[in-house]
Amino acid sequence: MEQFKDGELMNGKNTGSAATHKPDYGNWVSMRIIYGPAVVGFLFLIGAVVFALFGLNTLFIAIAALVAVLFFLMSLYFAYARYLFSPRGHNVQEQIRGLVISNLEWSGRGSALDIGCGNGAIAIKLARKYPMAKVTGIDYWGKGWEYSKNVCEKNAAMSGVGDRTAFHKASASKLPFEDESFDVVVSNLTFHEVRDTKDKRAVVKEALRVLKKGGVFVFQDLFLIKPAYGDIDDLVNTIKGWGIDDAKFIKTKDEPFIPRALKLPFMVGTMGIIAGKK
């Protein structure tokens, strides 16, 4: 599966009146992740048939057939994962995003920043929950993702919060804001995607730089990937050493709504939340 990033791929273009009144936040498992293994499996299956027709070594036939089965099973797994993430399934994707909001201890007055807003899902959710808040979303909106500032603004307008949200193109590694600019800073599945900074801890530190003293933060990312973040206890202690009053870590996969099938390391297994107060 491709790496997670909030603000996932959009599922096609709006074609009807209902679509124009309801934001589509897509699915973290894109269709190409499902079709790709299926195509490879089909090619190996054809290979097995060709080997059999030409009377080649039965070992070659068995290996080709086995590889075909493995790729077909991979395709089926990702199709099932897509279903679980979707509203038609267990709506796990929306519930995972909801963890960012549910772990936020905030009065709702002031300004909030969503780093890596994607297609605006969490920024819009914040604005809807806190009617007294002003919410800013930033994202780099690279070529590999089918969303943009325009998509965010349309989704916000359809959700009735266009007047209290603003979206800007910027890198999470160098935020275009002064120190201590926001009362709240959140981010969902973004820091690991920042390609211009090898040390992902530096991206976390940059996010905390723009948080006001006394402000709160909730970051959800693949924090259990050691090459990116190191030991999780060490990461939390390092964050506290940056002048943060409190920080705690929560494993996303331990949430009761996460199905067993999604707890694998390349799915939800390495996700976690670091939340606290500056």
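The values are calculated or read from the model by the stated rules, or taken from the named source; none is laboratory data. All values reported here derive from a predicted model rather than from experimental measurement. Ideal geometry is used to build each Cβ from the backbone, glycine not excepted, and the neighbour counts take in all protein chains shown.
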- Item | Residue that is surrounded by the fewest Cβ atoms within 10 Å (Cβ to Cβ), among those in region 241-278 that are in contact with a strand residue (DSSP E or B) (Cβ under 7 Å, 6 or more places away or on another chain) and in a loop (DSSP other than H, G, I, E, B) | 245
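Determine which member of the set 142, 215 is more than 23 Å from residue 111 (Cβ to Cβ) and small (Gly, Ala, Ser). Write out each step before concluding.
Values: 215 fails: more than 23 Å from residue 111 (Cβ to Cβ).
After ruling out the rest, the residue left standing is 142.
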- Among residues of region 83-110 being over 15 Å from the mean Cα position of the chain (by Cα) and aromatic (Phe, Trp, Tyr), the residue surrounded by the most Cβ atoms within 10 Å (Cβ to Cβ) is 106
- When region 159-218 is checked residue by residue, the ones that are assigned to a loop (DSSP other than H, G, I, E, B), within 21 Å of residue 132 (Cα to Cα) and hydroxyl-bearing (Ser, Thr, Tyr) are 159, 181
- Item | Identity of the residue in region 40-82, β-branched (Val, Ile, Thr) and over 30 Å from residue 93 (Cα atoms), that ends up surrounded by the most Cβ atoms within 10 Å (Cβ to Cβ) | 61
- Message: If I ask for residues that are of a type in the set (Ser, Thr, Tyr) and touching a strand residue (DSSP E or B) at 6+ places or on another chain (Cβ under 6 Å), which ones from region 145-177 would you list?
- Response: 165
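So that you can scan it fast, the table gives a plain yes or no per residue for (1) more than 25 Å from residue 26 (Cα to Cα); (2) of a type in the set (A, V, I, L, M):
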position: 36; (1), (2): no, no
position: 39; (1), (2): no, yes
position: 42; (1), (2): yes, no
position: 49; (1), (2): yes, yes
position: 53; (1), (2): yes, yes
position: 68; (1), (2): yes, yes
position: 77; (1), (2): no, no
position: 81; (1), (2): no, yes
- Task: Identify all residues within region 97-116 that are without any contact (Cβ under 8 Å) to a residue 40 or more places away in the chain and of a type in the set (Ser, Thr, Tyr); write none if there are none.
- Result: 102, 107
- Query: Going by the structure shown, is residue 147 of a type in the set (Ser, Thr, Tyr) and modelled with pLDDT of 95 or more?
  - Reply: no
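Restricting to region 219-234, what's the tally of residues that are surrounded by 13 or more Cβ atoms within 10 Å (Cβ to Cβ), of a type outside the set (A, V, I, L, M, F, W, C) and in a loop (DSSP other than H, G, I, E, B)? Before the answer, list the steps.
Taking region 219-234 first, the residues surrounded by 13 or more Cβ atoms within 10 Å (Cβ to Cβ) are 219-225, 228-230, 232.
Now drop any that are not of a type outside the set (A, V, I, L, M, F, W, C), which leaves 220-221, 229-230.
Filter once more, keeping what is in a loop (DSSP other than H, G, I, E, B): 230.
The qualifying residues number 1.
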- Out of all the residues in region 117-151, which are among the aromatic types (Phe, Trp, Tyr) and free of Cβ contacts under 8 Å to residues at least 12 places away in the same chain? none
- Message: I need the full set of residues from region 224-278 which are in contact with a helix residue (DSSP H, G or I) (Cβ under 8 Å, 6 or more places away or on another chain) and polar (S, T, N, Q), in order please.
- Response: 238, 252
- Message: Looking at residue 265 and the list (1) modelled with pLDDT of 95 or more; (2) under 25 Å from residue 89 (Cβ atoms), which single condition is not satisfied?
- Response: (1)
- The lone condition residue 238 fails out of (1) surrounded by fewer than 20 Cβ atoms within 10 Å (Cβ to Cβ); (2) in contact (Cβ under 8 Å) with a residue 60 or more places away in the chain; (3) of a type in the set (S, T, N, Q) is (2)
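Only residues that are at positive phi and touching a residue at least 12 places away in the same chain (Cβ under 8 Å): list them for region 26-82, please.
The initial filter retains those residues of region 26-82 that are at positive phi, namely 26, 55.
Result: 26, single match.
Out of 130, 140, I need the residue that is of a type outside the set (A, V, I, L, M) and modelled with pLDDT of 95 or more. Which one?
Numbers: 140 fails: modelled with pLDDT of 95 or more.
One residue alone meets the criteria, 130.
Each row is one residue, and each column tells you yes or no for (1) aliphatic (A, V, I, L, M); (2) closer than 17 Å to residue 268 by Cβ; (3) touching a strand residue (DSSP E or B) at 6+ places or on another chain (Cβ under 6 Å); (4) assigned to a helix (DSSP H, G or I).
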| site | (1), (2), (3), (4) |
| --- | --- |
| 67 | yes, no, no, yes |
| 72 | no, no, no, yes |
| 77 | no, yes, no, yes |
| 95 | no, yes, no, yes |
| 107 | no, no, no, no |
| 114 | no, no, yes, no |
| 119 | no, no, no, no |
| 124 | yes, no, no, yes |
- Message: Test of understanding: among 172, 166, which residue is hydrophobic (A, V, I, L, M, F, W, C) and free of Cβ contacts under 8 Å to residues at least 40 places away in the same chain?
- Response: 166
